[in-house]
Amino acid sequence: NAEYMGTDFCISALCLAFAPSSSAMSRAHLSVSQLSTICPFLKKYAANATVEALEPFSHMCPVVQQLQNSAEPQKWAVAGKVSCSCYPSGIPADGCASHTAPMSRAAPVSHAVPKVSPQQAQFSAVPAAEKARPVPVPFPAFPRNAAVQNTLKPVSIAPLPEFNLPNYSNIFKGAIDKLHQEGRYRVFINIQREAGNFPTAVRYVDGKRVPVTVWCSNDYLGMGQHPKVVQAGQQAIAEAGAGAGGTRNISGTMNYHVLLEKELADLHKKEAALIFTSGFVANEAALSTIAQLLPGCVIFSDSQNHSSMIQGIKAGRSEKKIFKHNNVQHLEQLLRETDPAAPKLIAFESVYSMSGSIAPIEKICDLAKEYNALTYIDEVHSVGLYGKRGGGIAERDGLLDRLDVVSGTLAKAYGVFGGYIAASSHLVDCVRSFAPGFIFTTSPPPSISAAALASVRHLKESNVERERHQERAATLKRMMVNAGLPVILNNSHIVPVFVGDARKCKAASDLLLTRHNIYVQPINYPTVARGEERLRFTPSPVHTDAMMDHLVSSLKDVWKTLELPSLTQFEERPQPITS
């Protein structure tokens with residue numbers, strides 16, 4: 001009730017609870033003014049009120065109730081004299097010997113039972129047994145006893161300050177409008193892959209099916225279409241059903257998961273492995289957990305690390321130092337400047353997916369050993385593609401034993417879904433036990449794990465796909481260079497073609513799709529820096545020479561239409577380190 005500030009009645013209950021002694025209150029004859037020192041309501045609005053005036057409130061306010069109890073058998077009377085059950089005809093001004101508390105000098109009050117209206121009676125005529133417990137009463141129904149109204153002052157509520165309420169819809173719309181204005185709004189192309197016919201697909205346009213050739217898939221080896229992989233997934237569904245049924249801790253650990261983790265640990269020559277629902281989740285969960293378990297940890301991160309690694313480092317809330325891309329001199333400088341006793345971790349990738357550059361893994365491992373740092377390598381874009389068994393760049397270079405943590409994916413070269421880490425059994429067990437991104441996520445379906453298991457096992461034994469893949473990537477790069485297209489050259493399978501403008505990059509992608517039925521997505525900020533926009537091509541073992549000829553001729557047409565930079569113009573600009 002705004003007029004009488006009814007919420008103070010609730011506060012008074014707390015005041016009573018924190019009073020020095022409730023029993024002392026019942027023994028002492030405290031006046032309203034004395035009780036007002038512990039009760040905000042009495043202090044603000046009723047410090048000069050009489051006990052009788054506050055009696056209608058006694059069943060709602062424990063302080064007033066205690067005051068009423070302590071006032072019996074005492075009666076408050078005229079100034080200079082008080083009456084009491086001990087002295088029916090009146091006692092001296094210095095009080096009653098049996099009631100040692102000072103007598104109140106209040107205004108004359110009749111000892112007769114006051115006349116109350118029926119509305120007031122519903123509050124005041126409460127049985128004694130009921131007065132012992134709180135009775136919830138709506139605040140607007142407070143009695144308007146004349147004595148109370150004379151002692152309580154209305155409270156004026158200041159008007160709320162004027163301010164502009166946020167328009168949520170406009171905020172969200174404005175954010176999207178900005179993406180459109182910058183030419184980097186992302187459009188999802190609705191396609192359907194054709195089983196057994198990769199890299200062709202069907203694009204759905206206004207209800208029509210238009211054939212396209214996919215040039216940007218991360219199914220690098222086409223393993224998503226491999227008969228062994230497809231059959232394993234189908235068999236798992238027939239045997240175990242569609243879903244895993246829960247998190248790994250709650251009925252969601254199936255034999256497919258256990259077998260897959262053993263296979264991945266063996267692939268990277270580690271004691272243990274742990275699978276996640278994606279490579280992003282694997283990096284975020286592992287990096288954040290490791291950082292939190294190492295007090296005072298300092299993480300050294302390559303400037304071109306993937307967003308998942310960046311988010312994991314942020315979530316770990318540890319100190320981070322960013323070194324220039326693939327620059328071991330800068331990394332060593334940062335290591336040298338750091339407290340030798342501090343725990344350290346160097347996080348980097350083996351193959352950087354947007355530039356195709358390869359990390360100097362051995363030199364980084366040398367620095368890690370010299371400065372007592374852990375190494376965390378993301379092999380997402382190299383597992384299955386490099387090494388005798390598909391263990392990645394580290395296996396190819398004979399460095400598996402020098403790396404502490406390896407993260408990978410099952411969704412790219414292996415053609416399925418999910419991510420993982422491989423490391424020592426103690427480190428993996430810590431991530432398993434402490435990482436929320438693992439603990440609170442439903443485990444991968446049995447069909448996914450079985451298909452991934454079949455893919456990993458196949459690529460451990462077969463090098464045919466890897467060899468063909470490397471040949472196709474090298475052939476496409478050579479064809480593009482000969483055509484004068486601005487290829488960003490590197491030593492990996494990635495084929496990036498420089499554009500340098502977000503709007504033109506999107507326009508080039510649209511023209512390739514609508515005019516030539518070639519599907520490649522534009523790569524804009526924040527995936528790459530502003531001014532570094534590009535088209536990223538990923539040739540697979542099943543892209544034919546005819547498909548490459550069509551792609552190169554189509555690119556030349558689009559480059560001419562949009563007046564995009566040639567290879568010569570691209571080579572004249574400063575080049576980043578892409579060793």
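For the range 473-487, give me each residue that is open to solvent by 10 Å² or more (accessible area, probe 1.4 Å) and either in contact (Cβ under 8 Å) with a residue 40 or more places away in the chain or among the β-branched types (V, I, T) (or both).
Once the filter is applied, which keeps residues that are open to solvent by 10 Å² or more (accessible area, probe 1.4 Å) and either in contact (Cβ under 8 Å) with a residue 40 or more places away in the chain or among the β-branched types (V, I, T) (or both), the range 473-487 yields T475, M479, V481, A483, G484.
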Check: Hey, L287 hits all of (1) within 14 Å of I364 (Cβ to Cβ); (2) open to solvent by less than 30 Å² (accessible area, probe 1.4 Å) but one; which does it fall short on?
Finding: (1)
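Tell me, which residue of the range 184-203 that is farther than 20 Å from K506 by Cβ and in contact with a strand residue (DSSP E or B) (Cβ under 9 Å, 6 or more places away or on another chain) is surrounded by the most Cβ atoms within 10 Å (Cβ to Cβ)?
P199
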Margin query: Looking at the structure I just gave you, is D378 open to solvent by less than 50 Å² (accessible area, probe 1.4 Å), charged (D, E, K, R) and out of contact with any Lys or Arg (no Cβ under 9 Å at 6 or more places or on another chain)?
Written below: yes
Check: Looking at V380, V405, which is the one that is more than 23 Å from V229 (Cβ to Cβ) and among the β-branched types (V, I, T)?
Finding: V405
Next item on the list: Would you please list the contacts, defined by Cβ atoms under 7 Å and residues six or more apart or on different chains, that run from a residue in the range 189-213 that is over 17 Å from F537 (Cα atoms) to a residue that is open to solvent by 40 Å² or more (accessible area, probe 1.4 Å) and basic (K, R)?
Entry: N190/R203; I191/R203; V202/R209; V210/R203
Next item on the list: Check I494, I448 and return the single one that is closer than 15 Å to Y420 by Cα and of a type outside the set (K, R).
Entry: I448
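Return the residues of the range 290-309 that are surrounded by fewer than 19 Cβ atoms within 10 Å (Cβ to Cβ) and either touching a Pro at 6+ places or on another chain (Cβ under 9 Å) or farther than 19 Å from L335 by Cα (or both); say none if nothing qualifies. Outline the logic, then answer.
Residues of the range 290-309 that are surrounded by fewer than 19 Cβ atoms within 10 Å (Cβ to Cβ), as a first pass: 292-296, 303, 307.
Correct list: Q292, L293, L294, P295, G296, S307.
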Checklist line | Subset of the range 386-432 [in a loop (DSSP other than H, G, I, E, B), hydrophobic (A, V, I, L, M, F, W, C) and within 14 Å of A272 (Cα to Cα)] | finding: L403
Margin query: Regarding the range 531-538, can at least one residue be identified that is among the β-branched types (V, I, T), within 39 Å of the chain's Cα centre (by Cα) and surrounded by 18 or more Cβ atoms within 10 Å (Cβ to Cβ)?
Written below: yes
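Yes or no, residue by residue, for (1) open to solvent by less than 10 Å² (accessible area, probe 1.4 Å); (2) in contact (Cβ under 8 Å) with a residue 24 or more places away in the chain:
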{"site": "P343", "(1), (2)": "no, yes"}
{"site": "I346", "(1), (2)": "yes, yes"}
{"site": "M354", "(1), (2)": "no, yes"}
{"site": "I361", "(1), (2)": "yes, yes"}
{"site": "A394", "(1), (2)": "yes, yes"}
{"site": "G398", "(1), (2)": "no, no"}
{"site": "G408", "(1), (2)": "yes, yes"}
{"site": "K412", "(1), (2)": "no, yes"}
Next item on the list: Being part of a helix (DSSP H, G or I), surrounded by fewer than 17 Cβ atoms within 10 Å (Cβ to Cβ) and under 27 Å from the mean Cα position of the chain (by Cα) is the filter here, so list the residues in the range 312-341 that pass it.
Entry: K314
Next item on the list: For the range 265-282, name all the residues that are out of contact with any helix residue (DSSP H, G or I) (no Cβ under 7 Å at 6 or more places or on another chain) and either open to solvent by less than 30 Å² (accessible area, probe 1.4 Å) or touching a residue at least 60 places away in the same chain (Cβ under 8 Å) (or both).
Entry: A265, K270, T277, S278, A282
Note to self: Scan the range 445-454 and tell me whether some residue there is assigned to a helix (DSSP H, G or I), surrounded by fewer than 21 Cβ atoms within 10 Å (Cβ to Cβ) and out of contact with any Phe, Trp or Tyr (no Cβ under 8 Å at 6 or more places or on another chain).
What the structure shows: no
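The values are calculated or read from the model by the stated rules, or taken from the named source; none is laboratory data. Remember, predicted model here, so these are calculated numbers, not experimental data. Don't worry about glycine lacking a Cβ; one is built from the backbone with ideal geometry, like all the others, and counts go over all protein chains shown. Only protein heavy atoms, including side chains, enter the accessible area calculation; ligands, DNA and RNA are left aside. Shrake-Rupley method; radii C 1.70, N 1.55, O 1.52, S 1.80 Å.
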